[in-house]
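The values are calculated or read from the model by the stated rules, or taken from the named source; none is laboratory data. As the structure is a prediction and not an experimental result, all values here were calculated from the model. No Cβ is skipped: glycine too gets one built from the backbone with ideal geometry, and neighbour counts run over all protein chains shown.
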């Protein structure tokens, strides 16, 4: 199966996530202008906001949540910096370091959802940095996850996606060429 807007609806992903992770005091919500993680406060659950109705944005934001440790999940946006589009070469390298593992998980999630994966350089107005090297680093992280194991929440997410989008069929390490830039 390839991507289909009729089959890959962000609303379905939101419902699946919110059911699967009801025990984690965290909700996924699509439709934001910008992605954002709002930490839980005063008895209200944490909220993972993804951009508009973009399925890939929701997968990516879930990847960040799956990696974040307990202390990071107590901070809005996990306490990370974010420099908007137009980053300097140094800022782009920092972006690559921070994004390597989340994008590797997003790739695994895309595989589980039967979607093609596209690497995000997230710096469209000032493309700097070595995209091919970044792709190789993300791929190395992905193969490490397959060989050494996925974080607990990420494995639950993969299993959930496989049940819904692959009729339970497992995923395998893809070829690096399956990732477009």
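Here are the numbers for this structure:
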{"item": "Hits in segment 34-52 (condition: over 14 Å from residue 73 (Cα atoms) and either at pLDDT 95 or above or within 16 Å of the chain's Cα centre (by Cα) (or both))", "result": "34, 35, 50, 51, 52"}
{"item": "Some residue of segment 121-134 being in a helix (DSSP H, G or I), at pLDDT below 95 and crowded, with 16+ Cβ neighbours inside 10 Å", "result": "yes"}
{"item": "Enumerated strands (runs of 3 or more DSSP E) restricted to segment 7-97, each holding at least 2 residues that are closer than 19 Å to residue 119 by Cβ and touching a helix residue (DSSP H, G or I) at 6+ places or on another chain (Cβ under 8 Å)", "result": "46-51"}
{"item": "Within segment 76-87, considering residues that are in contact (Cβ under 8 Å) with a residue 12 or more places away in the chain and surrounded by 13 or more Cβ atoms within 10 Å (Cβ to Cβ), the one farthest from residue 24 (Cα to Cα)", "result": "87"}
{"item": "Condition met for residue 68 (surrounded by 16 or more Cβ atoms within 10 Å (Cβ to Cβ) and in contact with a strand residue (DSSP E or B) (Cβ under 9 Å, 6 or more places away or on another chain))", "result": "yes"}
{"item": "Matching residues, segment 98-120, being outside any helix (DSSP H, G or I) and surrounded by fewer than 20 Cβ atoms within 10 Å (Cβ to Cβ)", "result": "116, 118, 119, 120"}
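For every residue, the table says whether it meets (1) over 21 Å from residue 16 (Cβ atoms); (2) under 13 Å from the mean Cα position of the chain (by Cα); (3) in contact (Cβ under 8 Å) with a residue 60 or more places away in the chain.
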{"residue": "95", "(1), (2), (3)": "yes, no, no"}
{"residue": "108", "(1), (2), (3)": "no, yes, yes"}
{"residue": "120", "(1), (2), (3)": "yes, yes, yes"}
{"residue": "131", "(1), (2), (3)": "yes, no, no"}
{"residue": "143", "(1), (2), (3)": "yes, no, no"}
{"residue": "146", "(1), (2), (3)": "yes, no, no"}
{"residue": "149", "(1), (2), (3)": "yes, no, no"}
